[in-house]
Structure formats: structure tokens, C-alpha cells
Amino acid sequence: ARTLYETLGAEVEWHAGTQTGKVTWGNTKLNVPIGSVSPTVNGSVWTIDAPARIFQQRMYIPVRFAAEALGGTAAWDPNSSTVYLTFPPADGIKAFSVQIISPTVNLRSGPGTSYDKIDTAISGETLPVISQQEGWYKVSWQGKEAWVASWVVKVIWGFNI
């Protein structure tokens with residue numbers, strides 16, 4: 001986790017007495033206790049699938065939590081067996097829109113490849129983001145709401161005013 005967070009410019013601390021990792025990135029503060037499935041993000045408790053652990057003197061936390069706690073996404077592409085991580089800039093900037101970067105992209109009824117395909121978008125189209133979940137962006141497309149995978153888009157970060 002340290003390498004990932006420090007690559008993003010976050011400050012990482014280890015508190016041996018409480019066995020807790022602390023991360024500060026812009027206005028975001030994480031507290032991740034070893035053995036717990038209840039870390040905090042800006043004081044709010046999150047529930048994660050697996051507890052943080054120490055292995056060979058290194059702290060390991062679930063990668064989805066590592067990304068989503070900072071407002072990013074973690075997405076699994078089953079076709080290439082690849083995890084894609086996307087992170088926003090610090091200080092509360094959110095995914096404002098996404099631009100399609102693959103030749104054609106399936107738009108789905110929910111956040112996952114098991115959901116029905118409801119339409120197709122083409123390379124270069126820019127779609128406003130409504131929300132994000134588990135490596136997927138809920139977007140507005142031709143008056144409809146649809147979901148698109150994070151690994152087939154370029155994220156445009158900004159403030160939605």
C-alpha cells in the first residue's frame with residue numbers, strides 16, 4: 001500500500017503501538033488498523049472484504065479499498081486478467097466525464113459484464129458521469145443512464161458545480 005500511495009504523492013505513516021497505517025492525501029485521511037475490516041476514511045467507517053494484514057514486514061490492504069478510498073476505481077478485466085486502477089487528482093476533484101478510448105464500448109444496465117448490454121458508444125464520445133461503483137462509471141448517454149467499464153475510458157476530472 002505504501003508504494004501505491006506514495007506514488008500518488010500521499011503521506012504514509014505507520015503507528016506501531018496501534019498497528020495502524022495512516023494515509024493523508026489532500027483532504028482525505030485514511031486509518032487502516034491491521035486485522036480490521038473497518039478502516040476509516042475521513043472519520044467514516046468503511047467495510048472491506050478482507051482485513052489489512054502484515055506479511056514479511058509489509059502491510060497489505062485490499063486494492064479496491066486502496067483505490068476507492070481516494071475516490072478512484074479498481075476494475076478487473078477478465079479478458080486480460082488485469083487490474084486497472086484509476087485515481088483522481090487530490091483535494092476532492094471527482095470524475096466529471098469519461099471519453100471512450102476503445103473503438104466501440106458496450107454500455108450496460110449495471111456495473112459489470114454480467115449486466116445486459118443496452119447500447120454501444122464509439123471512440124471519442126464524451127459522457128457525463130453520474131456516479132461510480134466497483135470500477136464502473138454510471139453515465140448519461142442520449143437521455144439514458146448506462147454503465148461503462150473504467151478500463152475502456154479516459155477520465156476527465158473536475159468539479160460538478
key: Subset of segment 87-102 that is modelled with pLDDT of 85 or more and in contact with a helix residue (DSSP H, G or I) (Cβ under 9 Å, 6 or more places away or on another chain) - its residue that is surrounded by the most Cβ atoms within 10 Å (Cβ to Cβ)   = 98
note = Filter segment 114-133 for residues that are open to solvent by less than 60 Å² (accessible area, probe 1.4 Å) and free of Cβ contacts under 8 Å to residues at least 24 places away in the same chain; the one that is nearest to residue 86 (Cα to Cα) is 131
Candidate set from segment 100-138 (those that are charged (D, E, K, R) and under 13 Å from residue 155 (Cα atoms)); member that is farthest from the chain's Cα centre (by Cα) = 125
query = Scanning segment 107-146 for residues that are within 16 Å of residue 68 (Cβ to Cβ) and not in a loop (DSSP other than H, G, I, E, B), which turns out modelled with the lowest pLDDT?
reply = 133
inquiry  = Please go through segment 64-84 and give me each residue that is open to solvent by 60 Å² or more (accessible area, probe 1.4 Å) and either in contact (Cβ under 8 Å) with a residue 40 or more places away in the chain or out of contact with any helix residue (DSSP H, G or I) (no Cβ under 8 Å at 6 or more places or on another chain) (or both), ordered by number.
reply    = 64, 76, 78, 79, 81, 84
remark   = Condition set closer than 16 Å to residue 63 by Cα and of a type in the set (Asp, Glu), scope segment 6-50, selection most open to solvent (accessible area, probe 1.4 Å): answer is 49
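The values are calculated or read from the model by the stated rules, or taken from the named source; none is laboratory data. Remember, predicted model here, so these are calculated numbers, not experimental data. Glycine gets a Cβ as well: all are built from the backbone with ideal geometry, and neighbour counts include every protein chain shown. Heavy atoms of the whole protein, side chains included, go into the accessibility calculation; ligands, DNA and RNA do not. Shrake-Rupley method; radii C 1.70, N 1.55, O 1.52, S 1.80 Å.
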